[in-house]
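Below: one structure, written as structure tokens.
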Amino acid sequence: MSFLARIARRAAPAASALRPKGMARAPAVARMEEEESAQPLRRMEVGEEPEAQPLRRMEAEEEEAQPLRRTEAEEEAAQPLRRMEDEQEEAALPLRRKEKEEEAQPLRRQAEEEEEMQTLRRTETGGEEEEVQTVRREVEEEAAQPLRRAGASPEGLSPETSTVPDELEGEAAPPTLTALRRAPLSAPAEAVGRVGSEAGPAAGPVALPPALHDRPAFDRPTFDSEEPPHDARFETPFESRFASFERPSVQIDRIDVLIHEPSKASAGAAPDRSRALRARYLRRL
Amino acid sequence: MARTIETLPAAFPEIRFRAFDGETELAIAEAAASAGSRPARVTAVLSAICAEVAGEPGGYAVIRRVCAAGREWLLQRAALHLYGDGAGWFEASCPTCGATFDLRVALDRVPRAEPGSGFPVAEVETSLGLRRFETPNGAHEEAFCAREGDPRRVFAALCGHAERAEAEAIRFDEADLERIDMALEAASPEIADGVDARCPACGAETMVRIEPLDFAFPRLDDIFREVHRIAAAYRWREPDILALPVHRRRAYAALIRGDARAAAGRLM
């Protein structure tokens, strides 16, 4: 390469030049050092910030409190005026009370009169009602008298006092307890029907309660030493004597089923069970 | 009327560096980072760092009068003055494969060649007759960067002693240009500005330039960072900080940085 060409090349930027080892990384290192040294300053700023907050808050509160203080000052200035107004108000109060009292007097009087009138009205209507009811009862009583008189035997006989006919003389009188027995049999049947639905499907609506089976057989015949035949073993005197007699049957047209569904909170996993029970009952019905 | 010879007769002139304070460092950094051609930046850097050149007060004028090799030598001297590491390890990138490799270069022992006889003027027998040419200096280098074409013809036009050197340069033939180049090389001093190296990765032969402007002179960012650190810590003014000797300024900056690190360590 010629001398002038070398000088020309030197004047131009170099394609490849020496640089100290690590120089390419030096700027990055310098930046890192700068960053590290700046961290404490930033941290200090951050740390000082919370400490400065109360002061700033106090300043802010001071600014916010200014209007209040100004209001207090104005309040003090306004006190004499208010006191005068209050005094005037107090002085005016008895007068106002008197005026209101006078205005209220006629109204009260009217209310008292109204109450008195109502009492009178109630008393009048009550007396009239009682009189009317007494009259009605008397009229009904008088109308019922001929019927009673027509139903009564002219000889003064009644089922209790009449004599037994000849064709019935040979027969023994029916025990008075039969009616008593029938009455408890029919009455609990309806009750059992209601309770049975609560107890479960196994208990039928007309099933006899177990307590009845355990009752003492006061109407059963006394057994001899010889065992009676099997078919007549459980015959009651009533059944043997009135074989043709039809026992009253109870027909249940409608059953009110009351389903107690436990609440969800207390049932827990019961909702499914209660739903299943309800479906079963409804299916049976 | 012939042109006057401006180049300093001293090929490698004696110099005296300026007191190295913040102002000087800032001026050097600004010169090194300035825009423009490399010769212009070299002129600016040497003007900023040299208080005296060959017994004359430093400045742009005298630096431009220094021959090309002398300027490069001054630049390497200034680099050694500021950078301090005369024989260190460097690294370079291979222009062929891009691999980075290490090499050791002794900046304080860069080979140089003394000027020939007649320096700073070379006489050349051309097709136009005997002509005198001044060895290239800083002013020639700066002017060269503003022109285009064959460097030999350009330098013939710039360095010709004749009054009509510009017009004669156009008329010089190839043989004239070759003789002018050889004559100037013989008269000029020379200094190595690069290192021949073989890339260990691809084996390519390459010439790695020694460019002190890239690494030896202070950087503006570093100066601003130190000034900022001291100003923030001590509340000093910028002129006062820049008036400090550089080693004192760096010491203060290092102390402040150490305090900051210590504070960071306490906070962690």
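Values in this text are rule-based calculations from the coordinates and carry no lab data. Just so it is clear, the structure is predicted and the values come from calculations on it, not from any experiment. Using ideal geometry, Cβ is built from the backbone for each residue, glycine included, and neighbour counts are taken over all protein chains shown.
Quick notes on this structure:
- The HN-Hα couplings worked out from phi for the range B:41-58 by the Karplus form 6.51 cos²θ - 1.76 cosθ + 1.60 (θ = phi - 60°) are 5, 5, 4, 5, 5, 5, 5, 6, 9, 9, 7, 8, 10, 6, x, 9, x, x Hz, whole numbers, x standing for Gly and Pro.
- Inter-probe distance in nm under a simple model that places probes 7 Å from Cα toward Cβ, at residue B:91 and residue B:51: 3.8
- For the pair residue B:2 and residue B:16, the difference between a 0.36 nm per residue extended length and the Cα-Cα distance amounts to 1.7 nm.
- Max mean-square fluctuation residue, GNM over chain B, Cα-Cα springs under 10 Å, options B:253, B:201, B:231: B:201
- Dipole-positive endmost among B:158, B:43, B:253 within chain B (Cβ charges, Cα centre): B:253
- Relative to the Cα centre, the charge distribution of the range B:62-140, modelled as +1 at Lys and Arg Cβ and -1 at Asp and Glu Cβ, gives a dipole magnitude of about 260 debye.
- R0 of 51 Å, Cβ-Cβ distance residue B:250-residue B:127: FRET efficiency to nearest 0.05: 0.30
- Helix-only arithmetic for chain B: the sum of -39500 (n - 2.57) across DSSP H runs with n ≥ 4, divided by the residue total, places the mean residue ellipticity at 222 nm at -14500 deg cm²/dmol.
- At a Cβ-Cβ separation cutoff of 4.7 angstrom, cysteine residues of chain B with no neighbouring cysteine are B:50, B:67, B:145, B:159.
- Rounded to the nearest 20 debye, the dipole magnitude of the range B:86-201 is 160 debye, with +1 charges on Lys and Arg beta carbons, -1 on Asp and Glu beta carbons, and the Cα centre as origin.
- Taking chain B as a Gaussian network of alpha-carbon nodes connected by springs under 10 Å, the highest mean-square fluctuation of the residues B:218, B:13, B:95 belongs to B:95.
- Sparsely packed trypsin sites (Lys or Arg not before Pro) within the range B:168-268, loop by DSSP, other Cβ within 10 Å at most 14: B:235, B:237
- Distant-in-sequence amide H partners of residue B:191 (H built 1.01 Å from N, under 5 Å): B:113
- Of the residues B:22, B:208, B:144, the one whose Cα sits farthest towards the positive end of the charge dipole of chain B is B:22 (charges of +1 on Lys and Arg Cβ, -1 on Asp and Glu Cβ, taken about the Cα centre).
- Here the relative contact order of the range B:1-143, from alpha carbon pairs under 8 Å that lie six or more residues apart, stands at 26 percent.
- Centroid-to-centroid, using Cα positions, the range B:213-268 and the range B:5-83 are 26 Å apart.
- Angle in degrees between helix B:174-187 and the longest Cα principal axis of chain B, rounded to the nearest 10: 50
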